[in-house]
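Colleague: Structure below; questions to follow.
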Amino acid sequence: MHAIVENTEHSDFVYLRELLMSTCLHDLVETTHNVHYHRHRGDALRKLGRPVSILECDDTYDSQIEGTKAQNKQEMERREEEIRQMFVQKVKEKEIALREREEQLNAKKAELMAELEQARLQLEAEHREVEELVTLSRSGTLNKSSSKLFKAPK
């Protein structure tokens with residue numbers, strides 16, 4: 001006697017076949033799309049001259065990502081160090097320029113203070129002479145020929 005496989009009263013083969021077909025077909029579609037299609041597409045693009053890119057479906061995806069991350073980290077560290085060195089150099093240059101400017105200002109200050117002191121001494125001398133003249137004029141002994149005030153400047 002022969003068993004009729006398609007008869008659901010006699011066999012569960014129909015249900016098993018539908019379950020396996022739906023599960024396996026779904027896995028086949030996912031594998032085809034995620035692996036085979038992307039690999040084929042990547043190969044076709046590389047043949048057209050496009051550089052190698054990192055795709056999630058590649059077998060070496062994880063190692064490529066880690067390598068790229070390491071390269072990027074090294075590049076960033078190198079750039080940070082360059083920027084840090086440039087900053088330090090600019091700070092040193094600015095400090096030198098500020099020191100030079102401070103020295104110039106201190107020299108100018110010393111020069112102006114010397115001029116001010118000289119003017120103060122001259123003013124004090126002239127003030128004493130005026131006081132002397134006032135005293136002499138009050139006493140009536142003012143002599144025009146002896147006073148520096150009445151002499152012509154040289």
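Colleague: How many residues are without any contact (Cβ under 8 Å) to a residue 12 or more places away in the chain, of a type in the set (Ser, Thr, Tyr) and in a helix (DSSP H, G or I) if we restrict to the stretch 59-83?
Modeller: Pass one, the stretch 59-83, residues without any contact (Cβ under 8 Å) to a residue 12 or more places away in the chain: 59-67, 69-83.
Next, from what is left, pick out any that are of a type in the set (Ser, Thr, Tyr): 60-61, 63.
Then drop every residue that is not in a helix (DSSP H, G or I), which leaves 61, 63.
Here the count works out to 2.
Colleague: Looking only at the stretch 1-51, how many residues end up being outside any helix (DSSP H, G or I) and under 26 Å from residue 61 (Cβ atoms)?
Modeller: Here is the first cut: in the stretch 1-51, the ones outside any helix (DSSP H, G or I) are 1-12, 48-51.
When the remaining residues are screened for being under 26 Å from residue 61 (Cβ atoms), the result is 48-51.
Residues in the stretch 1-51 being outside any helix (DSSP H, G or I) and under 26 Å from residue 61 (Cβ atoms): 4 in total.
Colleague: Something else: Has the stretch 88-97 got at least one residue that is modelled with pLDDT of 85 or more and polar (S, T, N, Q)? Break it down stepwise before answering.
Modeller: Here is the first cut: in the stretch 88-97, the ones modelled with pLDDT of 85 or more are 88-97.
Checking which are polar (S, T, N, Q) leaves us with 89.
There is at least one residue in the stretch 88-97 that is modelled with pLDDT of 85 or more and polar (S, T, N, Q).
Colleague: Please verify whether the stretch 69-84 includes one or more residues that are at pLDDT 80 or above, of a type in the set (Val, Ile, Thr) and surrounded by 10 or more Cβ atoms within 10 Å (Cβ to Cβ).
Modeller: Yes.
The values are calculated or read from the model by the stated rules, or taken from the named source; none is laboratory data. Keep in mind that this is a model prediction, so the values were computed, not measured. No Cβ is skipped: glycine too gets one built from the backbone with ideal geometry, and neighbour counts run over all protein chains shown.
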